[in-house]
Amino acid sequence: MPRTTPLADLRNIGIIAHVDAGKTTTTERILYYTGRKHTVVDIHDTKDLKTSTTTDYMEQEQKRGITIQSAAVSCFWKDKKINVIDTPGHVDFTIEVNRSLRVLDGAVVVFDGVAGVEPQSETNWRLADNYRVPRICYVNKMDRSGANFRRCVDMIKNRLGARPLPIQLPLGSEDNFRGMIDLVEMKAYLWFSDEKDAKMEVWEITDDLAAKLNIDVAEDLEIIKSVSAYRQELVETCLEMDEAAMEAYLDSGEDPDAETLRACLRKGTVKSVFNPVLCGSSYKNKGVQQLLDAVVWYLPAPTDVENIATVDADGNPVGERKSSDEEPFAGLAFKVINDTYGSLTFVRVYSGVVSKGMSVLNSTRGKREKIGRMVEMFAKDMSPLDEARAGDIVAFVSLSETDTGDTLCDASKPVILERMRFPDPVISVSVEPKNKGDQEKFSTALGKMVRADPSLRLESDRETGQTILRGMGELHLEVTLDRMRTEFGVEGNMGRPQVAYRETITGPVEYTYTHKKQTGGSGQYAEVKIVFEPLERGQGFKFEDKVVGGSIPREYIPSVQKGLEVQKEDGVLAGYPTVDFKASLIDGKYHEVDSNALTFEIAAKACFREGMRKASPVLLEPVMKVEVVAPEEYLGDIIGDINRRRGLILGQLERGTNTAVEAHVPLSEMFGYIGQLRGMTSGRGSYTMEFSHYDPVPKNVAEEIVAASSTKAA
C-alpha cells in the first residue's frame, strides 16, 4: 500500500505546559477548526461525568479537571497531517511528558498569559532541551484579568534561558482582547465575538488602530506603539538564518517578503536557534487557526530533525537510523496502557514499514513479537490499520514482551534505539485490597499499572510483608489506585505516605572482613579488604577492582560486587538504600578448598555492614522545590509556615495579581499541606512542588527516623 501522506507533510507535535495553562482547551479547538470535531467541550463542563473533552476521557481526569494521561489525536491543516499528543501539566505525571517528548519532532509550549512561566513550564522545557525538541510558544489566556504578554516573553527569556521571538503582538487584553498583529504579514487579525464560528477580520495596521478598537490601557498602547521595533527585531533575527537574504536586505534596505521570513523562521525554529512566540485565547476562540498555521509552517517534519541514534546494549551510541520508508523497520515503544481489548503499546515508527501479521524483534529484550492488530488512536477511539510507515505513531494490540522504552525492529537488521530516562520515585505507600478475597486480582492489576507507568515501583516490605507502591507524589498514587477501580474493577486501601529516605557516608574508611566457618566437612572462607569513600551527590554507587597479584581469583570479584549491590539496599542506619559512595576492593585472601563465589558474596555483605558504620553514615531526605502562589497580604503567614517546615526561602516572583514564594522544603514536611494553605489564605492559595535534590537530615530528625525504624524492625 503506497504512502498516503508524504513524510515532509507530517508533523508529530506535543502540547506541553504547566497545569491549567490551557493545553486541553487548545487541543479541543485544534480538533474543531481542523474539522475532526463538530462541537467543543470545555473542561469545566465535564465534572458531572456526563461528557468529556476528546483527550481527557478518563473518569479521574473529568473529576479533577486536569490531564493525567497523554492522549494522541490526528488532524489535517493545509494538506499537512498533524499528530498531536496532549500531555499532563501536573508534576506528578511528568513521566507522560517525558515519554511523549522522546518520540515527538516538535512541541507547542502553552503559557498562561497571567502567570507566565510556572514551575512545570520549566520542568517540561528542560525535558524538551534534553531531547532537543524544537518549540514554538503560545501565550494563552490573553483575555484574563492580569494578562501581560511582554512580561511573559521576558520570563521565557530570563527563567528558561531561551531566545523568544514574538511573531505576533496582542491587540488589547483582558475583556478588550480583540486579536493580534501578525508581524510577518504586518496585518491585524480581529474578532468581535467570542463564538467559535465568529468571523475573523483582517485590518491594515494604521496609526488610529488603537482608537478604532477602543484600546486605552497603557501597557496595550505601548505594545502597539512598539510594532515597528518588534518588526525590526523579527526581520534582523530571521535574516541571521539566510546570508543571501541578509545581503539583499542590507543592499536595498527593503524588508524581505513574507515567504522569505517564513523560510528563515522555519530554519531557526528547527535548529532551535530561537522560539517563535504567538498569542491568543483558546477559550474565547481567538488565535487557534494562526497557531495551526505556525505548526505547519515552522515545526519540523520527521525528515527535518536529526536521525534517531542507535546504541549498544550498554546505551553507548553506535550509529543512527534514517527516517525513511526505504530503511529496515525500527520503532520505539514509548507508552503501554491497559485497555478493554488488552494492552495497547504505542509505537513511534522511525524507519521502514511494519505490516499487520509481521513478526518483529524486540531487540532490547531479545524476544520475538507478532503484530496482530495495529490501530491509529484518536484519544480513546481506534481505527484499524494494515501497515504503518516511517514517521507514524500507532498502537499495537496485546504485545506480551514489550514495555516502555523497548525497541521493535526488523529481525534481519537489528538495532537498539536510544532509550528514555525516567525519574526515581520520591514517595511510597502501603497498599492492600479492600476485600481480602480480591488479593490475586489486586496483585494482577497492580502489576499491569506498574508495567504501564515506569515512574511507579512495586516492592515488598521485608519486615511487615506489606506491598509498597512508590510514585512521584500523593496525587500520582491516589490516581493509580482509583484507576485500578475503574479499569480492573478492584478497590484498594492506601496507607500513610512514606518518604523515600536514602543513606550515604561522609568520610572514607578501609575495612577488612574475614568470613570463616567450619562445620565438619568442607568449610567456608573468604577475606576482603575494601575502601569505602563518599561520592558527590547524585553519583550513585561505583565499584572498582584494585586487587593485584591474584590475592583473590578473578572469578570471585563479581561476587564481591554482587554482595555490595545487594547489601547497599539495606543501609546501616535505618535500612534505607545507600547511595553516592564508591567501594574499592584492594586486597583479600582465599582458600583453595573452602572459598567459592558464595563465601566472597557473604564476606562483601558483612564488610559493608561493619565498615560503613565507621564511615560516618548520614540519612538523606528528598527536598522539593515548592512554589506557593497567593495574594500578597498572606505572604507573612506563608513564609513563617515554610520556615517552620524546615524550608529555605529562595525568592519571590510576580504571578499576575498574586505573588509566588519559591522555596526548598523537605518532602516529609509537605504532607497534607494543601489543607493548611487553604486555611491560611481563605482558600485563595495554591502550590506546586517537584523533586529538587537530596540533603542530609538534621541530627535531631535523623535520630527520630532511626528510632522509628528500630521499633518497626523489632
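Whenever a residue of segment 538-560 is closer than 9 Å to D587 by Cβ, its partners that are of a type in the set (G, A, S) and open to solvent by less than 70 Å² (accessible area, probe 1.4 Å), lying with C-beta atoms within less than 8 angstrom and at least six residues away or across chains, give the pairs K546/S584; V547/G588; S551/G588; I552/G588.
Yes/no matrix, rows are residues, columns are (1) within 21 Å of L667 (Cα to Cα); (2) in contact with a Lys or Arg (Cβ under 7 Å, 6 or more places away or on another chain):
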| residue | (1), (2) |
| --- | --- |
| V479 | yes, no |
| T486 | no, no |
| V509 | no, yes |
| T514 | no, no |
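In segment 408-459, of all residues being among the basic types (K, R) and farther than 30 Å from G538 by Cβ, the one that is most open to solvent (accessible area, probe 1.4 Å) corresponds to K436.
Restricted to strands (runs of 3 or more DSSP E) entirely inside segment 278-376, those with at least 2 residues that are in contact with a helix residue (DSSP H, G or I) (Cβ under 8 Å, 6 or more places away or on another chain) and open to solvent by 10 Å² or more (accessible area, probe 1.4 Å) are 330-339.
On the given criteria, is A245 open to solvent by 60 Å² or more (accessible area, probe 1.4 Å) and either under 33 Å from the mean Cα position of the chain (by Cα) or of a type in the set (A, V, I, L, M) (or both)? When the stated conditions are applied, A245 does not pass them. Of all the numbered requirements in (1) within 32 Å of the chain's Cα centre (by Cα); (2) within 30 Å of E703 (Cβ to Cβ); (3) surrounded by 21 or more Cβ atoms within 10 Å (Cβ to Cβ), A604 misses one, and that requirement is (1).
Listed by position, the strands (runs of 3 or more DSSP E) contained in segment 615-714 that have at least 1 residues being of a type in the set (F, W, Y), in contact (Cβ under 8 Å) with a residue 12 or more places away in the chain and within 29 Å of G538 (Cβ to Cβ) are 686-696.
Being of a type in the set (A, V, I, L, M, F, W, C) and open to solvent by 10 Å² or more (accessible area, probe 1.4 Å): is that true of L169 here? Answer is no for this residue.
Evaluate the following for L667: is it touching a helix residue (DSSP H, G or I) at 6+ places or on another chain (Cβ under 7 Å) and crowded, with 21+ Cβ neighbours inside 10 Å?
no
In segment 552-574, which residue that is open to solvent by 30 Å² or more (accessible area, probe 1.4 Å) and not charged (D, E, K, R) is farthest from the chain's Cα centre (by Cα)? Break it down into steps so the answer makes sense when it comes.
Looking only at segment 552-574, we keep the residues that are open to solvent by 30 Å² or more (accessible area, probe 1.4 Å), and these are 554-556, 558, 561-562, 565-566, 568-570, 573.
Narrowing the set further to residues that are not charged (D, E, K, R) leaves 556, 558, 561, 566, 573.
Values: Y556: 41, P558: 35, Q561: 33, V566: 30, L573: 33 Å.
The residue in question is Y556.
For segment 210-226, residues that are of a type outside the set (S, T, Y) and surrounded by fewer than 18 Cβ atoms within 10 Å (Cβ to Cβ) total 10.
Strands (runs of 3 or more DSSP E) wholly in segment 466-545 with at least 1 residues that are open to solvent by 60 Å² or more (accessible area, probe 1.4 Å) - which ones? Break it down stepwise before answering.
Numbers: elements: 467-471, 492-494, 502-505, 509-517, 524-534, 541-545.
It comes to 492-494, 509-517, 524-534, 541-545.
The values are calculated or read from the model by the stated rules, or taken from the named source; none is laboratory data. Keep in mind it's a predicted model, so treat the numbers as computed, not measured. Glycine also receives a Cβ, built like all others from the backbone with ideal geometry; neighbour counts cover every protein chain displayed. Just so you know, the surface numbers come from the protein's heavy atoms only, side chains and all, with ligands and any DNA or RNA stripped out. Shrake-Rupley method; radii C 1.70, N 1.55, O 1.52, S 1.80 Å.
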